[in-house]
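A.B. asks: Here it is: the structure, laid out below.
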Amino acid sequence: MDHFKRINDTYGHFVGNEVLNYFSTIFRKEIHEAFPEHGYVYRFGGEEFTIVVSNHSIEEVYTLLQTIEKQFSERPIVTKEGVKITISFSCSLTNHLNGELLDLTLKRADKMLYSVKNNGRGWIVTDHHGMPEENVAIN
């Protein structure tokens, strides 16, 4: 989730927690509905999540992430305290390579994500060369 620290610092941890819960609930629901029995969402750090999808193409995951981002941008959360917050996120997509340790896959995705965060956020980046564009803005 982009600029989560700013939400916590501006509105406090109760609002931050509500926003994080909202984000993760919607995110998990969309992933699980699109990829039943093949899509999993794990909290990886503070406001970072890892998605693991099997038996589906990276293009399918990419398309779903664009749809989820659009949903967040069109429907801001209104917290219990009446604060209206529009959520955006940045993400990186990569394939787990045959014979590769999962740690290496995650490190590659994490390195790609930091590149996105350092270049403005609000992007989906992939190292998959079959994609129509390597970097596409989502906000």
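The values are calculated or read from the model by the stated rules, or taken from the named source; none is laboratory data. What you are looking at is a predicted structure, and each value in this text was computed from that prediction instead of being measured. With ideal geometry, Cβ positions are generated from the backbone for all residues, glycine too; neighbour counts draw on all protein chains shown. Note: areas computed on protein heavy atoms with side chains; ligands, DNA, RNA excluded. Shrake-Rupley method; radii C 1.70, N 1.55, O 1.52, S 1.80 Å.
A.B. asks: Assess whether GLU18 counts as being farther than 19 Å from TYR114 by Cα, touching a Lys or Arg at 6+ places or on another chain (Cβ under 8 Å), assigned to a helix (DSSP H, G or I) and touching a residue at least 24 places away in the same chain (Cβ under 8 Å).
C.D. replies: Considered against the rule, which asks whether it is farther than 19 Å from TYR114 by Cα, touching a Lys or Arg at 6+ places or on another chain (Cβ under 8 Å), assigned to a helix (DSSP H, G or I) and touching a residue at least 24 places away in the same chain (Cβ under 8 Å), GLU18 comes out as yes.
A.B. asks: Moving on. Determine if the stretch 29-44 includes at least one residue that is within 14 Å of PHE89 (Cβ to Cβ) and assigned to a helix (DSSP H, G or I).
C.D. replies: Within the stretch 29-44 (the criterion being within 14 Å of PHE89 (Cβ to Cβ) and assigned to a helix (DSSP H, G or I)), the answer is yes, since at least one residue qualifies.
A.B. asks: Kindly indicate which of PHE72, PHE89, PHE49 is in contact (Cβ under 8 Å) with a residue 12 or more places away in the chain and in contact with a strand residue (DSSP E or B) (Cβ under 8 Å, 6 or more places away or on another chain).
C.D. replies: It is PHE49.
A.B. asks: Which ones in the stretch 20-50 are among the hydrophobic types (A, V, I, L, M, F, W, C) and either within 19 Å of ARG75 (Cβ to Cβ) or open to solvent by less than 50 Å² (accessible area, probe 1.4 Å) (or both)?
C.D. replies: Selection gives LEU20, PHE23, ILE26, PHE27, ILE31, ALA34, PHE35, VAL41, PHE49.
A.B. asks: ILE58 - would you say it is under 18 Å from MET1 (Cβ atoms), open to solvent by less than 30 Å² (accessible area, probe 1.4 Å) and in contact (Cβ under 8 Å) with a residue 40 or more places away in the chain?
C.D. replies: No, not satisfied.
A.B. asks: Of the residues that sit in the stretch 75-86 and are in contact (Cβ under 8 Å) with a residue 40 or more places away in the chain and over 16 Å from PHE4 (Cβ atoms), which one is least open to solvent (accessible area, probe 1.4 Å)?
C.D. replies: Among them, the one singled out is GLU81.
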